[in-house]
Amino acid sequence: MEFDKEYYQEEFKRLLSEKRERKFFIKKSNASFKIKKFMIKGMDSFELAEFVNGSDQSAKSYWAITICYYAMLYLAKAAILTKGYETDDHYATQIALGHLLVPDELEKEDLELLNQAHKIFEEDYLEYFHDARKESSVSKYSPTKVYTERRTKEILDKARQFTAKLRLFLEE
């Protein structure tokens with residue numbers, strides 16, 4: 001997945017303005033009390049995914065992938081809330097994550113020059129989220145697809161990196 005900052009910016013604006021009966025995609029929010037809840041849910045989910053993956057159950061790959069995705073989703077929602085927005089949709093969460101947390105090239109250079117201590121979200125982690133969202137969907141709706149130990153390990157490794165990165169960001 002090649003990152004296109006302009007696409008994420010345009011989609012963010014579109015989803016922010018789009019409202020449906022009893023549904024929003026992205027909205028401004030000051031519900032900062034949810035940040036800690038999402039962080040706990042995210043980290044608990046990741047620990048559960050590691051436990052499930054270590055089990056000898058036949059469906060472990062499906063569940064490990066799905067739980068990894070939800071761990072990433074909860075932490076992404078927490079990070080988005082720190083920027084004053086809330087999401088109500090998986091796709092909208094990915095768009096908000098890309099728009100709000102992936103800096104553009106000028107910002108990256110400025111941050112490097114200033115040698116700021118805080119962590120920034122990079123394109124790789126957005127790709128990890130995108131991959132996990134896709135794999136979770138495939139594993140749920142295509143039950144005949146067999147997930148190998150290698151693919152499950154890849155998703156767990158990416159989820160581990162993603163959750164570690166977001167925890168650093170959120171705990172600053």
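The values are calculated or read from the model by the stated rules, or taken from the named source; none is laboratory data. Not measured: the values here are computed from a predicted model. We place every Cβ from the backbone using ideal geometry, glycine too, and count neighbours over all the protein chains shown.
Every test in (1) surrounded by 12 or more Cβ atoms within 10 Å (Cβ to Cβ); (2) acidic (Asp, Glu); (3) at pLDDT below 90 is passed by residue 112 save one, and that test is (1).
Name the residue that is modelled with the lowest pLDDT, counting only residues in the stretch 133-172 that are among the polar types (S, T, N, Q) and not in a loop (DSSP other than H, G, I, E, B).
Step one: of the stretch 133-172, the residues among the polar types (S, T, N, Q) are 136-137, 139, 142, 144, 148, 152, 161, 163.
Next, from what is left, pick out any that are not in a loop (DSSP other than H, G, I, E, B): 136-137, 139, 152, 161, 163.
Numbers: 136: 76, 137: 73, 139: 67, 152: 79, 161: 87, 163: 87.
Restricting to residues being among the polar types (S, T, N, Q) and not in a loop (DSSP other than H, G, I, E, B), the top hit is 139.
Does the stretch 50-64 include one or more residues that are acidic (Asp, Glu) and touching a Ser or Thr at 6+ places or on another chain (Cβ under 7 Å)? Working first, answer last.
Taking the stretch 50-64 as the starting set, the residues that turn out to be acidic (Asp, Glu) are 50, 56.
Going one step further and asking which of them are touching a Ser or Thr at 6+ places or on another chain (Cβ under 7 Å), we end up with none.
Taking every residue of the stretch 50-64 in turn, none turns out to be acidic (Asp, Glu) and touching a Ser or Thr at 6+ places or on another chain (Cβ under 7 Å).
Looking across the stretch 3-26, the residues that are crowded, with 16+ Cβ neighbours inside 10 Å and assigned to a strand (DSSP E or B) come down to 24, 26. If only residues of the stretch 17-50 that are over 18 Å from the mean Cα position of the chain (by Cα) and among the hydrophobic types (A, V, I, L, M, F, W, C) are counted, the one that is farthest from residue 74 (Cα to Cα) is 24. For the stretch 61-81, the criterion of being more than 23 Å from residue 156 (Cα to Cα) and either touching a residue at least 40 places away in the same chain (Cβ under 8 Å) or touching a strand residue (DSSP E or B) at 6+ places or on another chain (Cβ under 9 Å) (or both) is met by at least one residue. Listed conditions (1) of a type in the set (Gly, Ala, Ser); (2) under 19 Å from residue 14 (Cβ atoms); (3) buried (at least 22 other Cβ atoms within 10 Å of the Cβ) are all met by residue 42, apart from (2).
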